[in-house]
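These notes concern the structure reproduced below.
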Amino acid sequence: MPGIVIVGAQWGDEGKGKVTDLLAEHADLVIRFQGGNNAGHTIVRNGEEFKFHLIPSGILYPGKACAIGNGVVIDPQVLLGEIEGMKRRGVDVGGLKISANAHLIMPYHVLLDSAGEAKLGKLRIGTTRRGIGPCYADKAARLGIRVQDLLDEAILRKKIMAALEPKRHVLRPHAKHPALDLHAMTDEYVTYGHRLEPHITDTALLCHETLEEGGTVVFEGAQGTMLDIDHGTYPFVTSSNPVAGAACVGAGVGPKAIDEVWGVAKAYVTRVGEGPFPTELADDIGRHLLERGHEYGTTTGRQRRCGWLDLVALRYAARVNGLTGLVVTKLDVLSGIDPLRVCTRYRHGEGAVFDDFPYHQSILHSAEAVSEELPGFEDDISECRTIADLPPAARDYLAYVSNFVGVPVKLVGVGPGRDQVIWADGERPLRVAA
Ligand code: IMP
């Protein structure tokens, strides 16, 4: 299994970080391929808590090669904050590699993100306001600043000037903002370049060489399928492609490099930000999921919207990602809810029924979830370590999900701890690399 992609199969926050961390232990390289510091996850190691927004969690294994691929957008100040934070805590960050082709989030991107949201008013996306959308917009407009530009002051200044020019009008209210001064910004980013230089490299080549040598590469996705700019609930999406196909583009490998694609899904669903959410629960069960699941964002601290598991959306995610395995996280949060419900189709206001995820935005906005009732379980399952340890209703729930989606369950999360997982095949899938 040399190339394995980990993607979110819902609206993000599915617990991808923990899965990547578990697989990273036996991998030779972990590489992020899209998104930026809109993502976030917490890893607990030896009782110590580590929060990551950009650095792949594999960095906690001494000497592990961890790369930030060309498809990622990097806020260098945030990245340097993470690097310094690690160093202060004695973590060896020597294995961190940063693509020279990755785009940089600039101070004006952050300002534009907030200004855009304010202007949209009630129609806002609910972005993380980290400048992600404006940065990807500049990338597509060929006005982006890349990591490699940090290494040449003259080029950097010219590129910032060119990028600022078409934004003058929108940025006028911030004209006196010190962070927008061309020379101050160039100086600041040149300093970032000096500090990041030891990590800057051709990460696509690194991926290629690792795979050529028979090593294992984990491609770490951020956000989730339903936030994908092409396949998600547009326009309430992020500005990149969290689907598995983007691993090739965002890391610089061909499709043949991918052997497995695992989709991570919670046993229920959460969503932050605005946009359609057919199975959302505004009742006591929704509050139970919120509190038991500690559903507050790692990046913005926002309360997440909670709802029943949406199998229409999950089957769609299985299809557009080509999932070969399913990881079901937070199954323990469902204990004590009886009966359980899962959404198996949508009903539209005019009586139409949808078995497949509807492509039309208006239909999705007014779609009502049609659900099946499944027996719940009372038992605390946090100590279960094999599928056989689970109460029959929990096993049946997993089987129902797996059959409906047509993808085998590989891993189940039964608590926040690193060891609170069940490997469905009884053993870890990745062999220790030579
Ligand atoms: P942006 O990525 O900051 O532009 O935000 C666009 C949408 O994606 C908003 O609804 C955000 O809440 C959502 N989003 C972005 N990153 C994440 C994430 O890591 N987890 C969950 N939602 C996210």
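Computed from the coordinates by the stated procedures, all read-outs in this text should not be read as laboratory data. Values in this document were obtained by computation on a predicted structure and should not be read as measured data. Counting neighbours? That spans all protein chains shown, and the Cβs are built from the backbone with ideal geometry, glycine included.
Data overview
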read-out	value
Fraction of beta bridges assigned by DSSP in the chain that are antiparallel (%, nearest 5)	40
Qualifying chymotrypsin sites (Phe, Trp or Tyr not before Pro) for segment 331-413 [loop in DSSP, other Cβ within 10 Å: at most 15]	TYR359
Amide proton proximity set for THR216, modelled H, under 5 Å, gap of 5+	ASP28, LEU29
Helix-only [θ]222 nm of the chain, DSSP H runs n ≥ 4, -39500 (n - 2.57) each, per residue, nearest 500	-9000 deg cm²/dmol
Burial order of peptide ranges 324-337, 114-127 (average beta-carbon count within 10 Å, highest first)	324-337, 114-127
Residue-wise HN-Hα coupling along segment 247-260, computed from phi with Karplus coefficients 6.51, -1.76, 1.60 (Hz; x: Gly, Pro)	4, 5, 5, x, 10, x, 10, x, x, 5, 6, 9, 9, 9
Placed amide H near GLY297: partners under 5 Å, 5+ positions off or other chain	ARG302, GLN303, ARG304
Alpha-carbon centroid distance for the pair segment 50-127 / segment 308-351, whole angstrom	30
Centroid-to-centroid separation of segment 367-430 and segment 233-302 [C-alpha atoms, Å]	18
Table column - 3J(HN,Hα) (Hz), segment 88-104, Karplus curve with 6.51, -1.76, 1.60, x for Gly and Pro	4, 9, x, 7, 6, 9, x, x, 7, 10, 10, 5, 5, 8, 5, 8, 9
Alpha-carbon centroids, segment 157-174 and segment 205-219: separation in whole Å	39
Cut-off under 5 Å, modelled amide H: who pairs with LYS97 long-range	CYS66, ALA67, ILE68
Leading residue at positive end of dipole, the chain (Cβ point charges), from MET106, SER366, GLY15	MET106
Rounded to whole Hz, the Karplus (6.51, -1.76, 1.60) HN-Hα couplings of segment 70-84, x for glycine and proline	4, x, 7, 9, 10, 8, x, 5, 5, 4, 5, x, 5, 4, 5
Protection proxy ranking, peptides 148-159, 263-274, 70-81, average beta carbon neighbours within 10 Å, highest first	263-274, 70-81, 148-159
Protection proxy ranking of 228-234, 192-198, 207-213 - average other beta-carbon atoms within 10 Å, highest first	228-234, 207-213, 192-198
